[in-house]
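No lab work stands behind these numbers, since they all come straight from the coordinates. Owing to the predicted nature of the structure, the values given are computational and were not obtained by experimental measurement. Neighbour counts run over all protein chains shown; Cβ positions are idealised from the backbone, glycine included.
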Amino acid sequence: MARRPDNPRPGLLVIDKPQGLTSHDVVSRVRRLAHTRKVGHGGTLDPMATGVLVIGIGKATKLLTWVSGHSKEYRATIRFGISTNTDDAEGEPTQTLGCVSLPADALERALASLRGDIMQVPSTVSAIKVQGKRAYALARAGQDVALAARPVHVSRLEVPAPPRPLTVTPDAASARLGGATRVGAVCVVDVDVEVECSSGTYVRALARDAGRALGVGAHLTVLRRTRVGGFSLARAMTLKELTEAVDRAEPQGASEGGPTLPLIPLGEAARSMFPSLFLSRAEANAFAHGQAPRRSHHELIQWGADVGLALLGAGSAPRDASAIDDTPIAAVDPGGNVLGLLRIDAARLRTVLVF
């Protein structure tokens, strides 16, 4: 293997994760291609799920906290009539109540209850830690896992196509229901949905709760993430495409001492995610040593008004100047280089991190 550079070129990759791989599997492959271990991801996708997975390399891994905290969009398919122990198609059926049809008004009532600010109980096989251990590890070890409900926001939950009634045979060929066993084909209804939600929302749990509301049970059969913050499928590449891009750039990478990846540069990524505050040369030199620039309260309020549109969290509603104190700010030098991140704390600028 080629030498691993101590300081890989920093930036972000947007990967279209294939089905069957974990997010960590994707990180491992990118590490091999980038010849560095300084790689991380911004928001886990289950092996069953596909779509947008934002990967950070080098110093850009410091941005992943904010990437994972952004709103997200998904396309999914909910199968009404069968419940599973994982709330998705990878689990074992636990109920086969069946569903012959779904009246439009009943489906809308069930989905309406899941829009807006809701309290959601995460799926038992989630990665949430319970007493220091992942919930999915405890569940697969046969332990009962009780997760507390937590607040999430579902800004959009829509049905773009008519429901599809069909007949299926559960993978396990039978499902336990009240001590009895039901075997054979089951009538179900598949419903495609489009979801826009806050970080921490489980689409599997939305499927589960919609099934409960309708009294027929449900689980997720398809999940595709189409956007994380400002990063969408339009900018994503498959692992095959990434490998081919690295192979094509190999001669140039060899002369520069490392592989050349088609990265979104660190500065470009930071400026696309956060509002920018331009520093003087003296301020930039001081910031490189962790010293935040000074601005009066009036100047900060005026700056917040000037960059109000830039304060759009990707996919969220506009935010006014009164909300700027919880928004990271990209510190930019006179040459347009992003030096790090700031925040406003008690009407003063504070250094968050220096790249």
Using eta = 1.567 mPa s and T = 4 °C, Stokes-Einstein with Kirkwood Rh from Cα pairs puts D for the range 1-132, in µm² s⁻¹, at 73
Long-range HN-HN contacts of Gly340 with modeled amide H, under 5 Å: Ala331, Phe355
Cα→Cβ-extended label distance, 7 Å offset, between Arg348 and Thr243, nm: 5.3
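Go ahead and run the numbers for FRET between Arg235 and Ala185, Cβ-Cβ distance against an R0 of 35 Å, rounding to 0.05.
0.25
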Please give the FRET efficiency for Ala104 paired with Arg156, using the beta carbon to beta carbon distance and R0 = 22 Å, rounded to the nearest 0.05. 0.75
Part-to-part distance (alpha-carbon centres) for the range 50-118 and the range 210-225, which is given in Å: 8
Hey, rough spin-label estimate for Ser28 and Ser199, points 7 angstrom out along Cα→Cβ, what's it come to in nanometres? 2.6
Just the C-alpha atoms of the range 30-74: what Rg/Rh do they give, with Rh taken as the Kirkwood radius? 0.99
